[in-house]
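Scroll down for the structure; my scribbles are underneath it.
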Amino acid sequence: MAEPADNKSALKLKRLQEMTLKGKRVLVRVDFNVPLSKAGKVEDDTRIKETVPTIKHLMEAGAKIALVSHLGRPKGKPEAKYSLKPAAAALEKLLGAPVAFVPDCVGAAAEKAVSSLKPGGVALMENLRFHAGEEANDPDFAKALSKLGDFFVQDAFGAIHRAHASTVGVPKFLPGAIGLLVQRELEFLDRVIGNPTRPFLAVIGGAKVSDKLGVLHKLLDRVDAVVIGGGMAYTFLQAQGVSIGKSLLEKDKLQDAQGVVEKAYAKKVECLLPADHVAVREIKAEAQTTVTQGMAIPPELIGVDIGPHTIEFFGEQIAKAKTIFWNGPMGIFEIEAFAKGSLAIAAAMAEATQKGAVTIVGGGDSLAVLAKAGLSDQMTHCSTGGGASLELLEGKILPGLAALAS
Ligand code: AMP
């Protein structure tokens, strides 16, 4: 069940439930890369919350739990603003149990802190990226980390597409399993890849065509329809000979975009592009907006969001579908005046969920749109790892999973 169906190499991954961990030291890679306020408080604890089932499972199993994570980009040395200490306080609140914060993730003091935990005790170690060996996947650093545990659990879904010491290095030294969060993510993506209830619609947006080409090609083998919005849609429109004014364009991807449209046509997959746009002369919050009369954008304007007709027509597609995968905003949603399209997609997805569709959302920006709309809890599944979920959907074997496979 925990095997991504499309990966023909069929990774055999151990699950947490199969392990007896009483009294064992368990090193758990989590993703506590959370936003912090200037005052050093956790601003959004979603990622921490998501790992609670795994941590509670281990507490109940009587393990001694050593949590490791990265936070931000501290460039291989300690930097106070990237300390994980605030995350320990947030986790304590969520668990209703004490969490010891350990100021380094390797070394004798760290090892002692873990071994002196009581069974069921939890320690959070300081930021992995305070050591250059983490991102460099240095075997010595991986070995030092592995000394914290008798067993390894990978629950950082957002990090498993990266080959770092805490994802691919540690499993060389410790037996390991996937945690409950990774398991859940794989199960939902498996549903999309494997046997979706039809019609199956993909809603793809965001700025970069290049990032999404692989996944678009793969999805075209599975979906009944795809709608493309956001900045990347303009390259597709230009490839169709539509004027896009000064909108975002990846010139070197015009042929690839055309290739996607042609593949969709050959596969009888509907490929829908925006029919109108919100456009401005300059990208700024107070810019005067114009709604285009149709697909074309006048030469002096920049497309910043899908227009009202497109909202309606994309909404109809969502309402018709039984499985919907959404990744990427429909416009520059960070600016209130250009967020309507993305918010409308979020609302349509929520409505579809209520009517029984399976709705899966991946990617930090789409999750931010959902949070903005207050609809985060209205989806069937929100994926915590944008990059990892896209790579899985592309059929890539993720290094962090391959390393754990037996
Ligand atoms: P990506 O990382 O490729 O998924 O892109 C996400 C970013 O796309 C967000 O920060 C949006 O502001 C941006 N975006 C969406 N629509 C547009 C657009 N029409 N023009 C420029 N950027 C856009």
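Among the residues here, GLU286 does not qualify as more than 15 Å from GLY231 (Cα to Cα), of a type in the set (D, E, K, R) and within 14 Å of the ligand (Cβ to nearest atom).
Which of (1) more than 16 Å from the ligand (Cβ to nearest atom); (2) not in a helix (DSSP H, G or I) does GLN258 not meet, given it meets every other one? Single failed check for GLN258: (2). Taken over region 183-218, the criterion of being more than 17 Å from the chain's Cα centre (by Cα) and buried (at least 24 other Cβ atoms within 10 Å of the Cβ) is satisfied by LEU201, VAL209. If only residues of region 224-248 that are more than 21 Å from VAL269 (Cβ to Cβ) and touching a Phe, Trp or Tyr at 6+ places or on another chain (Cβ under 6 Å) are counted, the one that is surrounded by the most Cβ atoms within 10 Å (Cβ to Cβ) is ILE244.
Scan region 42-93 residue by residue and report those that are in a loop (DSSP other than H, G, I, E, B) and in contact with a Pro (Cβ under 6 Å, 6 or more places away or on another chain). I'd like the intermediate steps shown before the answer.
Looking only at region 42-93, we keep the residues that are in a loop (DSSP other than H, G, I, E, B), and these are 43-45, 61-63, 69-79, 83-84.
Scanning region 42-93 gives GLU43, ASP44, GLY62.
Of the residues examined, LEU27 is not one that is within 19 Å of LEU401 (Cα to Cα) and part of a loop (DSSP other than H, G, I, E, B).
With respect to ILE193, determine if the residue is at pLDDT 95 or above and of a type outside the set (Lys, Arg).
On the way: at pLDDT 95 or above: no; of a type outside the set (Lys, Arg): yes.
When the stated conditions are applied, ILE193 does not pass them.
Checking each residue in region 29-57 for being over 16 Å from LEU128 (Cβ atoms), polar (S, T, N, Q) and under 20 Å from the mean Cα position of the chain (by Cα) picks out THR46, THR54. Anything in region 262-274 that is surrounded by 17 or more Cβ atoms within 10 Å (Cβ to Cβ) and outside any loop (DSSP other than H, G, I, E, B)? List them, or say none. Once the filter is applied, which keeps residues that are surrounded by 17 or more Cβ atoms within 10 Å (Cβ to Cβ) and outside any loop (DSSP other than H, G, I, E, B), region 262-274 yields ALA264, CYS271, LEU272. Among what's in region 295-322 and is part of a loop (DSSP other than H, G, I, E, B) and within 17 Å of VAL223 (Cβ to Cβ), pick the residue that is nearest to the ligand (Cβ to nearest atom). Once the filter is applied, the top-ranked residue is ALA321.
Where in region 323-406 are there helices (runs of 4 or more DSSP H), lying wholly inside it, with at least 2 residues that are in the same structural domain as ARG281 (by TED's automatic domain parsing) and within 12 Å of the ligand (Cβ to nearest atom)?
Details: elements: 340-354, 364-373, 386-393, 399-402.
Qualifying helices (runs of 4 or more DSSP H): 340-354, 364-373, 386-393.
The values are calculated or read from the model by the stated rules, or taken from the named source; none is laboratory data. Just so it is clear, the structure is predicted and the values come from calculations on it, not from any experiment. Ideal geometry is used to build each Cβ from the backbone, glycine not excepted, and the neighbour counts take in all protein chains shown.
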